[in-house]
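The values are calculated or read from the model by the stated rules, or taken from the named source; none is laboratory data. Keep in mind that what you see is a predicted model, and the values were worked out from it rather than measured. Positions of Cβ are generated from backbone atoms using ideal geometry, with glycine treated the same way; all protein chains shown enter the neighbour counts.
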Amino acid sequence: MKTTQKCITIWAFIVLFGTVAGLCTAGQRPDETVSKVGPEKIEIAADMLRDKIRGGLLGELLGNLNGLAHENKYYDKPGNVKKYVPALPGGARTDDDTDIEWIYIAAMQRQKTVMLSPEKITDLWKRYINGHIWCSNMYVRQLMDMGIEPPLTGKRGVNPWAGFNISGQFICESFGLVSPAMPQTAGRIGLHYTHVGIDGEPAQATQLFTAMIATAFVTDDIDRIIDAGLASVDKKSVLVPIITDVCRWHRENPDNPRETRRLIKGKYTLYESRMRNQNGYELCTAATIAALLYGNGDFAETIRHAFNFGWDADNNAATAGTIVGVIKGYNRLTGQGWDIRDVYHNTTRPGMPRNETITGFAERLTKVAMLVIAENGGQRINRNGKTFYRIARQQAINVEPLTNPQDDLAALRSQLRTRIEAGLGEGASSREKASSAYLAICLGLADSISAERQPGWAGAVVALSEREKFLRYLFYDSVGPAAEKLKKAMLDAGIKKPARSKMSLL
């Protein structure tokens with residue numbers, strides 16, 4: 001049954017039944033990709049698991065790298081790509097849509113640890129992630145230079161990009177790939193790493209897309225995959241009405257993606273800058289879901305629609321490509337005759353292997369997936385000369401609900417006040433002083449602490465003022481209401497706006 005016939009008004013069902021699971025799956029066909037072992041476990045042949053992980057990665061790389069020509073090109077109007085033939089004739093290369101995850105996955109594989117510590121994550125960033133990053137990730141990297149570590153780097157009260165940035169989406173796909181049929185685990189792993197740079201609603205996007213990728217291992221039905229994503233999102237999330245609208249608009253305009261794109265833009269474009277909209281979770285989530293619906297399971301068509309829907313098109317194409325790539329598998333994708341070379345060139349991350357292959361990167365993912373399967377009650381089984389993975393299949397549910405920003409801010413004030421005050425002492429380093437001043441200003445503690453801790457506060461303000469690169473990025477390149485509020489608080493605290501450099505960091 002086609003997606004256009006099955007996609008229904010999701011919000012009505014949420015109101016009536018209080019759930020987002022199972023809304024588009026009436027008359028579903030049996031899973032074709034796995035064997036069921038009782039009601040709670042499934043088996044996937046090892047060669048099929050490897051093929052699907054490779055397919056997901058290849059789909060992500062094609063969407064990302066073929067999509068760069070369309071990145072942020074279509075804002076007011078959609079693109080007009082009539083035909084798309086996937087190709088990587090020179091092989092793939094590193095880009096921030098995949099190379100941050102590559103660093104994480106390599107470390108997870110090397111240490112045989114799924115959840116790397118905040119200290120290790122910080123060390124990886126300082127070693128390998130010193131350029132070719134933007135927006136929230138650029139902000140994160142500079143916070144780390146002030147001694148602020150994850151997950152604090154991604155808190156809304158500390159990072160003004162964190163409440164809307166697309167990092168919750170484009171740094172999540174690998175964690176769905178290593179969690180086959182385990183959407184809850186995919187969400188938890190994904191959040192562990194995306195919280196480095198995001199919080200709030202973008203964290204719901206992490207859960208949405210990791211759940212969809214994890215579910216694509218066990219069904220080729222796009223509606224069922226979207227259902228799983230919705231079940232993984234807090235019911236209060238803005239993503240629920242966004243996806244509801246996109247499904248409805250697609251049903252009403254099954255042959256007119258341009259109309260659906262017009263409706264998305266009209267309802268979900270915000271009043272702030274183009275950067276805020278193009279880099280925000282709202283439009284990018286809508287575009288990704290729409291591309292999947294209009295692509296109707298066809299890989300090239302899904303990617304083509306992601307290009308045409310626009311905004312941060314390469315990221316959206318990469319996420320959609322991962323989902324359909326898992327469904328199709330590597331052998332089916334490469335069997336289309338597309339010109340794809342099995343290379344993953346390192347052009348952005350000094351210190352990492354100079355040249356990887358796509359299948360080599362996928363093999364790292366597969367080995368991490370084996371760890372994840374075992375840690376979640378699964379096992380490797382040899383039977384009749386073949387290897388299978390028995391997986392404890394999970395129901396898709398929301399594993400991290402939305403929280404109240406004001407409650408979060410109050411909690412941070414309580415947790416960090418002692419640290420802030422310690423950074424104003426005589427023995428504190430310049431970095432500690434700058435960090436203390438910054439955190440106090442972010443959390444609305446500057447007035448009380450400056451009154452109580454002079455002259456330590458004055459020295460901290462000087463230390464923060466000397467961080468000109470960071471301040472230029474805040475004052476001239478950071479966008480959105482949270483950034484504007486922080487800029488004012490900085491000025492009120494005595495931090496002078498630095499001179500603008502000839503070239504901004506973005």
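For this structure, a couple of remarks:
- Residue pairs whose Cβ atoms lie under 9 Å apart, sitting 6 or more positions apart in sequence or on different chains, and linking a residue in region 368-393 that is under 18 Å from Ser174 (Cα atoms) to a partner that is assigned to a strand (DSSP E or B) and of a type in the set (Phe, Trp, Tyr), are Ala369/Tyr389; Met370/Tyr389; Ile373/Tyr389.
- Sub-9 Å Cβ pairs linking a first residue in region 249-264 that is assigned by TED's automatic domain parsing to the domain that holds Thr288 and more than 11 Å from Ala290 (Cβ to Cβ) to a second residue that is outside any helix (DSSP H, G or I) and of a type in the set (A, V, I, L, M), at least 6 apart or interchain, are Arg251/Ile8, ordered by first then second residue.
- Residue ID - farthest from Ile222 (Cα to Cα), chosen from residues in region 241-274 that are polar (S, T, N, Q) and at pLDDT 95 or above: Thr269
Per-residue answers, yes or no, for (1) surrounded by fewer than 17 Cβ atoms within 10 Å (Cβ to Cβ); (2) farther than 23 Å from Leu283 by Cα; (3) polar (S, T, N, Q):
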site: Lys73; (1), (2), (3): yes, no, no
site: Leu88; (1), (2), (3): no, yes, no
site: Asp95; (1), (2), (3): no, no, no
site: Ile103; (1), (2), (3): no, yes, no
site: Tyr128; (1), (2), (3): no, yes, no
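- Every residue from region 313-337 that is under 17 Å from Trp134 (Cβ atoms) and either in contact with a Leu (Cβ under 8 Å, 6 or more places away or on another chain) or among the hydrophobic types (A, V, I, L, M, F, W, C) (or both): Ala313, Asp314, Ala318
- Any hit, region 308-321, residues being without any contact (Cβ under 8 Å) to a residue 12 or more places away in the chain, assigned by TED's automatic domain parsing to the domain that holds Gly67 and assigned to a loop (DSSP other than H, G, I, E, B): no
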